[in-house]
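What follows is a set of notes on a single structure, which appears directly below.
Quick note: the coordinates plus some simple rules give every number you see, no bench work behind them. Only a predicted model underlies this, so the values are computations on that prediction, with no experimental measurement involved. Counting neighbours? That spans all protein chains shown, and the Cβs are built from the backbone with ideal geometry, glycine included.
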Amino acid sequence: MHSNQGTEQDPVHMTAGITKGTTARTTSAVALKDKVPKEFKNIIGSHAQLLKIQEVCDTLLQYDPQAQTNPILDRYANPPNIVVYGPPGGGKTMILSAAEDYIRNRRADSRVIWLDNGFRTHMYSDSTKNLEKIFSYMKDPQGTGLILGDDADTVFSRRTAMSNEEDSRVITAALHGMQPPDYRGNYACIFTTNYIEKFDHAVLSRCRPVFWKGPVTPEQFVQLLSHQLEGTKVKDYLEEQALMDQLSGTEYRMLSARDINRVATSLKLQERLGKKISRSTVEAELQNTLDSLVKAKQDAFVRDVENELYNMRVYEAARKELENSTTHPHL
Ligand SMILES: Nc1ncnc2c1ncn2[C@@H]1O[C@H](COP(=O)(O)OP(=O)(O)OP(=O)(O)O)[C@@H](O)[C@H]1O
Ligand SMILES: [Mg+2]
């Protein structure tokens, strides 16, 4: 065994999130869990947007390890990095898993790294070295691959005047890895975020932004519910047209795919518990979810207004205090 084992280990072990994609794929013992495989074709939403991500994977799959070039990327091209941004629960993480499976299933030499803050250490400058190792592992001309950064604004947050030197070095290492001078066309980064404005601007400028919301029309929501209920008895009571009409008449724009998952899980649970399922149970469950979302949004609005009023009162008290202290300078 080498004495430097541990420092020179395979960079995949440096990122805590590396197994994320794989664990997400394993068939869960919890049967209530979503069984829809994470494949591009099962992701509901804008086909055109999804195609942009699939195209990156297809481009990387063209890489020729013998020639160490990619026939569809120019010699001095930049990696076709992407940042997928949009509201929570629309399937951004699912897109990353689909991209992982897509390239793994097509090429044995593909490497996928799930990048999270696991590469950071408390040792000064080691975080930068770890990130450099991850990129040099990806650059290795023997194969092709993807760096997947879920919620990557937490990894590459926007630098401010308060950022420390280590954070800046990490960003510099990322920038170099994302646009290296010696790029062979064998890897790319796909990041996701709910907060694109929190992303470091220079990192962002090396990515193509793809807005992703997931399902948006009543038809897509019903299609998703139908997928989620595949193989259950509840499915027999899923009256698609009635649900579509129900959704069209309500605040369905507030729903995300994750909310539909909740509706499906709750219905499956009711079935397991032996409750009587009918068409109206399905409709009621959907309505409950919508109502609680509308309520949560209204509550958040009331809280915002209350906070604003509180801040105004604090400000007013501080202003009065300042006024008093200037009229009575001896105080
Ligand atoms: N567009 C979609 N098509 C099909 N299923 C979806 C879609 N979006 C989400 N789902 C389902 O909802 C679950 C949660 O979605 P996911 O975690 O990918 O959302 P997200 O956009 O990453 O959310 P967050 O921003 O909160 O991380 C997925 O595992 C999947 O079952
Ligand atoms: Mg996510």
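Give me the net charge for the shell around residue 179: Cβ to Cβ below 15 angstrom, other residues only, Lys and Arg +1, Asp and Glu -1.
Numbers: positive: 75, 139, 184, 206, 208; negative: 74, 132, 182, 200.
Once positives and negatives cancel, what remains is +1.
Phi angles across the stretch 62-68 convert, under the Karplus curve 6.51 cos²θ - 1.76 cosθ + 1.60 with θ = phi - 60°, into 3J(HN,Hα) values of 7, 4, 10, x, 5, 7, 6 Hz, Gly and Pro given as x. Annotation: amide H of residue 112 within the under-5 Å range of 146, sequence separation 5 or more or interchain, hydrogens built in the peptide plane.
Span-like helices, the chain: DSSP H, alpha-carbon axial extent 18 Å or more, mean Kyte-Doolittle -0.5 or greater, which ones? Could the numbers behind the result be given before it?
Values: long enough: 47-61 (21 Å, 0.43); 92-106 (22 Å, -0.53); 126-139 (19 Å, -0.91); 165-178 (20 Å, -0.15); 257-272 (22 Å, -0.81); 279-327 (72 Å, -0.81).
What comes out of the filter, once short or polar helices are dropped, is 47-61, 165-178.
Within the same chain, aspartates and glutamates fewer than 8 places from residue 320 are excluded, and of the rest, those with a Cα less than 19 Å from its Cα are 308.
Based on the Kirkwood radius over alpha-carbon pairs, what value in µm²/s does the Stokes-Einstein equation return for the translational diffusion coefficient of the stretch 196-292 at 10 °C and 1.306 mPa s? It would help to have the intermediate numbers written out before the result.
On the way: Rh = 14.8 Å.
The estimated diffusion coefficient comes to 107 µm²/s.
Between residue 317 and residue 254, how many nm apart are label points set 7 Å from Cα along the C-beta direction? My value for the distance between the label points is 3.3 nm. Across the stretch 261-275, the residues whose backbone nitrogen lies under 18 Å from the label position 7 Å along the beta-carbon direction of residue 299 are 262-263. Using a ≥ b ≥ c from the Cα gyration tensor of the chain (square roots of the eigenvalues), is it rounded, prolate or oblate, where a/c under 1.5 gives rounded and otherwise the larger of a/b and b/c decides, a/b for prolate? The shape class here is oblate.
Shown is the FRET efficiency for residue 175 and residue 324, computed with R0 = 45 Å from the Cβ-Cβ distance and rounded to the nearest 0.05: 0.30.
Model label sites at residue 76 and residue 162, defined 7 Å from Cα along the beta-carbon direction, differ in position by 4.1 nm.
Among 201, 122, 47, the largest mean-square fluctuation in a Gaussian network model of the chain (Cα springs under 10 Å) belongs to 122.
So for the chain: antiparallel DSSP bridges make up what percent, rounded to the nearest 5?
Numbers: 2 of 20 bridges.
For the chain, the DSSP antiparallel bridge percentage is about 10.
When you filter the trypsin sites (Lys or Arg not before Pro) in the stretch 72-115 for DSSP loop state and at most 10 other Cβ atoms inside 10 Å of their Cβ, you are left with 75.
Only four residue types carry charge here, +1 at the Cβ of Lys and Arg and -1 at the Cβ of Asp and Glu. Report the dipole size of the chain about the Cα centre in Debye, rounded to the nearest 20. Walk me through the numbers before you get to the answer.
Numbers: 41 positive and 43 negative charges, 116 e Å.
With only Lys, Arg, Asp and Glu charged at Cβ, the dipole is about 560 debye.
Amide H contacts under 5 Å for residue 189: 81, 82, 147, restricted to partners 5 or more places along the chain or on a different chain, H placed in the peptide plane at 1.01 Å from N.
Is the shape of the stretch 118-213 rounded, prolate or oblate, going by the alpha carbon gyration tensor and its root eigenvalues a ≥ b ≥ c, with a/c under 1.5 for rounded and a/b larger than b/c for prolate? In terms of gyration-tensor shape, oblate.
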